[in-house]
Amino acid sequence: MTKEQEIKTGKPWEIYGTFKTFEAADETRNSLRSNWDKDKIEGMQVKVKRMSSGLFKVKTRIAPEFNLGGGNTDEKNTNSRKRNSKKRKAKVSKASI
């Protein structure tokens, strides 16, 4: 038997800008990185994504390892509250066999 693995999605990427050439997108990516290094901002990620239309998008996000608060880890899990409910078993009459 194989167990199904739960796939967890990561934090979403935000589109910073769209460019016609890779060089323009790469320049924007490098300037963002240098600004973050200057301001000592940690945990930011940036990437250039080539779209099927030939355009290039610069995307940014906060790294998944960094938690900027706002997340409540003490939420109650409603799945664990389920009681041992006994489901009705279908009654089979001897006449139907």
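In terms of its C-alpha gyration tensor, the stretch 12-65 comes out oblate, because a/c is 1.5 or above while a/b does not outweigh b/c.
Placing unit charges on the Cβ atoms only, positive for Lys and Arg and negative for Asp and Glu, gives the stretch 12-65 a dipole magnitude near 220 debye about its Cα centre. In sequence order, the stretch 9-19 has phi-based couplings of 7, x, 5, x, 8, 9, 7, 8, x, 10, 10 Hz under the Karplus curve 6.51 cos²θ - 1.76 cosθ + 1.60, θ = phi - 60°, and Gly or Pro positions carry x. Of the residues Met51, Ala24, Trp36, the one whose Cα sits farthest towards the positive end of the charge dipole of the stretch 12-65 is Met51 (charges of +1 on Lys and Arg Cβ, -1 on Asp and Glu Cβ, taken about the Cα centre). Each residue of the stretch 26-39 was assigned a 3J(HN,Hα) from its phi angle through the Karplus curve 6.51 cos²θ - 1.76 cosθ + 1.60 (θ = phi - 60°); the sequence is 5, 4, 5, 4, 5, 5, 4, 4, 5, 5, 5, 5, 4, 8 Hz, with glycine and proline shown as x.
Any read-out appearing in this document is the output of simple, stated calculations on the displayed coordinates, not a laboratory observation. Just so we're clear, the structure is a prediction, and the values are computed from it rather than from any experiment. When we count neighbours, we look across all protein chains shown, and the Cβ atoms used for this are built from the backbone with ideal geometry, even at glycine.
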